[in-house]
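Beneath this line is the structure, given in structure tokens, with notes to follow.
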Amino acid sequence: RVKRGWVWNQFFVVEEYTGTEPLYVGKVRGDGSIKYTISGEGAGTIFLIDEITGDIHATERLDREQKTFYTLRAQARDRQTDQLLEPESEFIIKVQDINDSEPRFLEGPYIGSVAELSPIGTSVMQVMASDADDPTYGSSARVVYSVLEGEQHFTVDSKTGVIRTAVADLDRETQDRYEVVIRCLQVKGLYQAGGSSEAEAVNLVPLSPAEMYQFSIVETAPVGTAIGRVKAEDSDVGENTDMTYQVKDEEGVEMFKVTTDSNTQEAVIMVQKPLDYESKKVHTVVVEALNKFVDPRFVDLGTFRDQTIVRVSVLDVDEPPEFRPPSNLMEVQEDAHVGSVVGVVTALDPDTANHPVRYAIDRSTDAERIFDIDANTGAIVTGKVLDRETAGWHNITVLAMEADNHSQVSRASLRIRILDVNDNPPELATPYEAAVCEDAKPGQLIQTISVVDRDEPQSGHRFYFTLAPEASNNHHFSLLDIKDNTAAVHTQRMGFNRQEQDVYLLPILVVDSGPPALSSTGTLTIRICGWDRNGSCNSTAYVVSATLSPGALIALLVCVLILVVLVLLILTLKRHHKSHLTSEDDEDMRDNVIKYNDEGGGEQDTEAYDMSALRSLYDFSEIKGGDGGEGPGEGGLSGNPASELHILPQWVQSPDLDFSVFRDYICKKVEQADEDLSVPPYDSFQTYAFEGLDSPVLSLSSINTWSSGSEQDFSYLGGWGPRFRQLAALY
């Protein structure tokens, strides 16, 4: 289908409309099945739309000087379903200017100066008047200048307002001050029969060049900054030369102040109000000097005071843009699509160069990027889907900066209000539960129902109550809509039997007033109760009591006690059995096989064993050959083994003995230690010694003994130190 288009008779509305009927703005084409609505700035208050015809009217007087345009959005909805037939359209209503503002001089009264005997046409100063009307529409804002008084000596340019001398014989000694009245006349406007005008007085003082002071100061100078110094001459001496200074003209008193330096008797001129180059480039200040002490005898001789003119030139400084107008409130519907325009901010460069301005949003105030802004136009649009129930207001900061100098930045706080749309259904205020006695009578009030809705329509809430369709066969309870956003539930039958059914679930349908109308179903739980022994209706009368009798409590405690005794008995038996096993192991050590990885106490144990024995090598061949081949049981160690150990001959190393096997073994161990990455790199030094072919101390095992009998004397083992004490006890 073809998309509907807005057909405007006019895109503007005239300001200050005084008619009695609403002012027609425009309309949209459509048929009777479509309902038209608008939203945005002034929707529903200033601008109204006929839902059937689509005609838009303005109901209030508008002022272009207060607001120049309004941004609105139009929607076309189906009258039956209230669904959008197409995306909403955005349009702007501009306020057309009429000649309703009179011209005004920017400042005044003006005070100027010109050197005496200046030639004709010498520029003295410039006066300027402005008109608040729209300068781009018609001629309402155009003004012309003319001289009302003082035209014999001065003229004014009708377009620029520049005042010039009309004669060449201005003599300060003849006349030192002139008062000139300048008139600004507004060109006749379109809607007003005549223009308006004002008169402004201009005081012009001819001065000799020596009697004028000129200073300059930047427009950003803070209040209290000294501009310059002037000094009046006095031929007296002593305290008669003490002077005070003051500002005489009205403009100077407002913008500047003068103090007296007591040491130098100079007047110090300082800034009293912030300056603005764009508003006024030159200030003329009249400074007056007075004697502090005047002798009463000479009062008749004169006023003892003098004046001078100080000309202060304001120097231009690059300033950041300024937001205009300063309105900081915008509104947008919460169902606005992503990319919808919320409003437009405007900032202008106050400097004479009028640099272009770029816009941005301070993301510290909009971290979720809910809004975006067009860098060139300042149009603020939605960046995400809005939800008034989550956040009804958004406070963001908009930045305006010069396009070619981003260091010149201005900030403006903007509040955005999210307008409500009916997008949340009403719900029961709480999960209601009610109780009714078995002998209840028909019409008895059981429960009053209320609802809550997260939406906040401008016209207020209106809810409608009815039983849900699934409760159409209900003959037990009835629902009455009280018409004040509450409903009452009553009984509809005589008596109930909770043995047949003790709980009833009553579904209730709640509908709001929309648009669009939304609904939800809540459940009311109704319990049937009976009369207890105390004469009160109790829904838990038939519930089995959870209280235990004294006998049951005693039985329960006895069972717990028996369990505790059994646990303690089991722990005691396990501990006794473990102790018995330990004692048996201590008594019978012969069944244990003890393995030792070393033959002595180690290198650090120097008391338990003589380490020199490990380094002593013996020749056992002499022992074996001394007995002429007798067996082990016939000689050898049959005597005292302890004494025989001390007389064993020392073994002499054979010259052809090869120790390479030990060298290879040590190198292999070193290589394994270097390649093993799983252990820390600890340094280790180990000493290896070759003890010979056989051990000098023969086997102590009782399995292969040299003696055929069992009466061997092992008492010498007791002298081997504490590490062999248990071994000596075994033998």
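Values computed for the structure shown
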read-out: Most positive-pole-ward Cα, 497, 452, 507, against dipole of the range 427-529 from beta carbon charges; value: 497
read-out: Inter-part distance where the range 242-299 and the range 309-370 are each reduced to a Cα centre, Å; value: 39 Å
read-out: Under-5 Å amide H pairs with residue 381, H placed in peptide plane, nonlocal only; value: 342, 372, 373, 374
read-out: Cβ-derived FRET efficiency at R0 22 Å, residue 387 paired with residue 83, nearest 0.05; value: 0.65
read-out: Residue 715 - accessible surface, heavy atoms, 1.4 Å probe, Å² rounded to 10; value: 80 Å²
read-out: Spacing of the two label points (7 Å from each Cα toward its C-beta) at residue 713 and residue 168, in nm; value: 16.1 nm
read-out: Peptides ranked, highest mean first, by Cβ atoms within 10 Å: ranges 349-356, 286-293; value: 286-293, 349-356
read-out: 3J(HN,Hα) from dihedral phi, the range 329-342, Karplus parametrisation 6.51/-1.76/1.60, rounded to Hz, x for glycine, proline; value: 10, 10, 10, 8, 5, 6, 8, 5, 6, 4, x, 6, 7, 8
read-out: Which of 563, 170 is most accessible, then next, and so on - probe 1.4 Å; value: 563, 170
read-out: Accessible surface of residue 173 - all protein chains present, 1.4 Å probe, nearest 10 Å²; value: 130 Å²
read-out: Long-range tail of P(r) for the range 322-419 (Cα pairs > 15 Å, %); value: 59 percent
read-out: Under 5 Å, built H, 5+ apart or other chain: amide partners of residue 282; value: 314
read-out: Virtual spin-label span in nm between residue 17 and residue 411, 7 Å along Cα→Cβ; value: 4.1 nm
read-out: Residues whose placed amide H lies under 5 Å from that of residue 27, excluding near-sequence neighbours; value: 7, 9, 56
read-out: Listed peptides 411-422, 664-675 by packing density, highest first (mean Cβ within 10 Å); value: 411-422, 664-675
read-out: Net charge, residue 120 excluded, C-beta distance under 12 Å - Lys, Arg +1, Asp, Glu -1; value: 0
read-out: Inter-label distance for residue 494 and residue 464, nm, one decimal - labels placed 7 Å from Cα along Cα-to-Cβ; value: 3.6 nm
read-out: Per-selection Rg to Rh, the range 427-529 - Cα, Kirkwood hydrodynamic radius; value: 1.02
read-out: Accessible surface of residue 213 - all protein chains present, 1.4 Å probe, nearest 10 Å²; value: 70 Å²
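The values are calculated or read from the model by the stated rules, or taken from the named source; none is laboratory data. Source: prediction; values computed, not measured. Cβ coordinates were reconstructed from backbone atoms using ideal geometry, including for glycine residues, and neighbour counts include every protein chain displayed. Accessible surface is based on the protein model in full, side chains and every heavy atom, while ligands, DNA and RNA are left aside. Shrake-Rupley method; radii C 1.70, N 1.55, O 1.52, S 1.80 Å.
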